[in-house]
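All remarks here apply to the structure that follows.
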Amino acid sequence: MNKERESDRTIWIKRFIIFVAGILILQTGWLQLIDPTYGQKAERTTLVRRTLYPSRGLILDRNGHLMVHNIPVYDLKVIYNQIPKNLDTALLCQLLEIDKSTYRARLEKDWKSLRFSKSIPFTFMEHIPANKFQYIQEFLHLFPGFYGELRSARGYFENHSAHILGYMSEVDQNKIDQSSGTYVPGDYCGSTGVESYYENLLRGTKGAQYILKDNLGREIESLDNGRHDSLAISGDNIILSLDHILQEYGQELLQNKRGSIVAIEPSTGEILAMISSPGYDPNELSISRMRGEVFAKLQSDTLNPLFDRSVMAQYPPGSIFKPILALAAMQEGVLDENKTVFCNGSYNLGGFRRGCHNHPAIHNVSQAIQYSCNTYFFTVYKDVIDDAGYTLPEIGMRKLNSYLTEFGFGKKISVDLPNEKSGNLPGPDYFDELYGSGKWRSSYILSMGIGQGELQLTTLQMAHAAAIIANEGTYTDPHILKARVPTGGEPKAEFYPRRRVSIDYRYFEPVIEGMAGAVRAGTATLASNPEYEVCGKTGTSENPHGADHSVFFGFAPRNQPKIAIAVYIENAGWGGAFATPVGGLMMEKYIKGEIIEAHKGIEKKMLETDLIHKIKS
């Protein structure tokens, strides 16, 4: 009897479960197949993935001065399939300040191309200033399918350092293909300078937000309460080795002149200043709708302001080569520091004749550098090249070039300057091709003994050589990055190894004394300072196409140098006329922070001299 009751109870429970399940199935079927409400709700709701762009890392100078910051701009994005047929295009065009033909041209894409899809957002208008977009945003609910996306453009507080800082550009397809998903069409990345080299540090990491919208384009809610969202991570801030005050002062000194200045801290290899003139205001190439027009104008400028003369121009160094030749010759045992060379005002060898300056008798290396005696260094250069014999110049040249390579000649020397050129250090192979194998002699190439001929250096290489002499042979590769600051973290200083050239310490003293003598009472007196000892060397680089180029390199103070510098001013004539006083003023500005009263007249002349328009006229 009990078993029958239990069996009946089980049957009724099963029947009840089947009945409830049937009701649920019927209800579901009604909602999906008959009642239109469910489908209409799904149709009215759209899932939009919104990219959250990170704040790009800031760029500061060595003293914490902000050089590059971010300016908010907006891109107007659109999803083609969400645009209603009755969209008020007239109002939208009025808000965006475009005509209807422009509207249609921006909206219609090559839908057969894999680059575009009617269901995937694309950029309708870019670089809308924040204040303008705030007004447009008030009306965006009237335009389903359109929405704003916050981006960052770069802003600059000063009008200098454009070549170093660089600018950003839209990524091309090749960059996208190589980025493993990091970039998509419409993204921007560093294109030149620091912005390019340190792109991986500066750019940060994108985030994403998934939003449900209704058919009017209004946001309803985040998908699953934001569980699928990710925050954007800001890029690292970076601290450059530049001194922005020195950088600005150098630009003022080179105003209306063609040339460059590079200053290095000898003890660290940090680049304190790197100026190329003529230059341009970095704000001109910040991301904006006018940038293409500005870029075209800069490209067509005959003064070539986009060309970075500090690392891309390759010049004969002139007589600043003499101290380095002396070091190599003494190390090889070809030159004694007390060697006397008679100079009667010119150097003559066969058909080769070159004049010299009017100077006292030269009894040692220091005096030869102080008075920049051409005869002395033609003699030294010939002795170095002919060390293995007159008919074997390639042996002497290879030995000499091995030292010059250590000083950074003929190769790229910086850690993080992407546009740097290597200069030209010709070797035996070059002259074998020029004159025939084994057919050239030291007399063919004597002009290189005073830094002329085929030898070419960048201004950066000249400053680096000055830093090596200042340190009596030790150096750190020149670099622009001092430290990086991770998001929410402390600055992390970069490590750069110290190196040494293979020249004994004892040979540097007579060379340094000669450079000090050149500033005291030689060819470089306009770089002198009464408060500390300056060591320097002038150069006059011959120019067959016009006025000679003015060259100077040096360092200060003599003991525990704080700054090494090279100055190259095109078509400015004698090295002591322009490059030397500019170099002296730059060192004074960095060491003392201001220009002393006694040098105000020199400063005024350097600031006011216009060599560009003078040459044109």
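Protection proxy ranking, highest mean first, for peptides 231-244, 402-415: 231-244, 402-415, where packing is the per-residue count of other beta-carbon atoms within 10 Å, averaged. Multiplying the residue separation of residue 600 and residue 191 by 0.36 nm and removing their Cα-Cα distance gives an extension gain of 143.2 nm. Once the C-beta distance of residue 592 and residue 212 is scaled by a Förster radius of 45 Å, the resulting FRET efficiency is 0.10 to the nearest 0.05.
Fully extending the segment from residue 159 to residue 81 would add 23.6 nm, taking 0.36 nm per residue of separation and subtracting the current Cα-Cα distance.
You can think of it this way: the chain between residue 346 and residue 99 has 81.4 nm of extra reach, that is 0.36 nm per residue less the Cα-Cα gap.
How high is the relative contact order of the stretch 315-454, given as a whole-number percent (alpha carbon pairs under 8 Å, six or more residues apart)? Walk me through the intermediate numbers first.
Working: 193 pairs, mean separation 40.0, N = 140.
Over the stretch 315-454, the number comes to 29 percent.
Under 5 Å between amide hydrogens, built in the peptide plane, is the criterion, and for residue 335 it picks out 330 among residues at least 5 positions away or on other chains.
Taking amide H atoms as placed 1.01 Å from N in the peptide plane, the amide H of residue 362 lies under 5 Å from those of 341, 343, each 5 or more residues away in sequence or on another chain. Estimated from the Cβ-Cβ distance and a Förster radius of 30 angstrom, the FRET efficiency linking residue 293 and residue 477 is about 0.20.
Taking a spot 7 Å from the Cα of residue 173 along the direction of its beta carbon, which residues of the stretch 82-121 have an amide N less than 20 Å from it? Taking a point 7 Å out along Cα→Cβ of residue 173, the residues of the stretch 82-121 whose backbone N falls under 20 Å are 106-121. For 599, 613, 141, the sequence from fewest to most other C-beta atoms within 10 Å is 613, 141, 599. Local charge for residue 279 was computed over the other residues whose Cβ lies under 13 Å away, with Lys and Arg +1 and Asp and Glu -1, and equals -4. For the listed peptides 525-533, 306-314, a ranking on the average number of other beta carbons within 10 Å per residue, highest first, reads 306-314, 525-533. The long axis of helix 579-592 is offset from the longest Cα principal axis of the chain by roughly 60 degrees.
The simple spin-label model puts a point 7 Å past each Cα toward its Cβ; for residue 388 and residue 115 those points are separated by 5.8 nm.
Working note: Karplus 6.51/-1.76/1.60 with θ = phi - 60° gives the stretch 529-545 the couplings 9, x, 9, 7, 8, 9, 10, x, 8, 8, x, 10, 8, 5, 10, x, 9 Hz, where Gly and Pro are set to x.
Taking label points 7 Å from Cα along the Cα-to-Cβ direction, residue 543 and residue 301 give a separation of 1.8 nm. All C-alpha to C-alpha distances of the stretch 48-240, sorted into 5 Å bins beginning at zero, yield P(r) values of 1, 7, 13, 18, 18, 15, 13, 9, 5, 2, 0, 0 percent in whole numbers. Using Cβ point charges alone (K and R +1, D and E -1), the dipole size of the stretch 298-438 about the Cα centre works out to roughly 380 debye.
Along the stretch 364-372 the Karplus relation, 6.51 cos²θ - 1.76 cosθ + 1.60 evaluated at θ = phi - 60°, assigns HN-Hα couplings of 7, 4, 4, 5, 4, 6, 4, 9, 6 Hz to successive residues, with x for each Gly and Pro. Extending 7 Å from Cα along the Cβ direction at residue 531 and again at residue 91 yields two label points whose distance is 6.7 nm. Relative protection proxy for 110-120, 170-180, from highest mean packing down: 170-180, 110-120 (other beta-carbon atoms within 10 angstrom). Quick one, which of (1) 49.5, 139; (2) 24.1, 78; (3) 34.7, 142 is the actual Rg and Dmax of the Cα atoms in Å calculated for this model? The value matching this structure is (3).
All Cα-Cα distances of the stretch 416-471, cut into 10 Å bins from zero to the largest, leave 20, 41, 27, 13, 0 percent in each bin in turn.
Kindly give Rg over Rh for the stretch 320-476, based on alpha-carbon atoms, with the Kirkwood expression for the hydrodynamic radius. Don't skip to the end; give the middle numbers.
Details: Rg = 15.7 Å, Rh = 16.3 Å.
Here the Rg-to-Rh quotient is 0.96.
Taking amide H atoms as placed 1.01 Å from N in the peptide plane, the amide H of residue 55 lies under 5 Å from those of 234, 235, each 5 or more residues away in sequence or on another chain. Applying 1/(1 + (r/R0)^6) with r as the Cβ-Cβ distance of residue 499 and residue 608 and R0 = 45 angstrom yields a FRET efficiency of 0.60. Each residue of the stretch 163-168 was assigned a 3J(HN,Hα) from its phi angle through the Karplus curve 6.51 cos²θ - 1.76 cosθ + 1.60 (θ = phi - 60°); the sequence is 5, 6, 5, x, 9, 10 Hz, with glycine and proline shown as x. Beta bridges per DSSP, both residues in the chain: antiparallel share near 95 percent.
Where Rh is the Kirkwood radius over the Cα pairs of the stretch 522-595, the temperature 20 °C and the viscosity 1.002 mPa s, what D in µm²/s does Stokes-Einstein return? Roughly 176 µm²/s, to the nearest whole number. The charge dipole of the chain, taken about the Cα centre with unit charges on the Cβ atoms of Lys, Arg (+1) and Asp, Glu (-1), comes to about 1420 debye, rounded to the nearest 20.
Read-outs: derived from the displayed coordinates by stated rules, not from any lab. The model shown is predicted, which means the values in this text are computed figures rather than measured ones. When we count neighbours, we look across all protein chains shown, and the Cβ atoms used for this are built from the backbone with ideal geometry, even at glycine.
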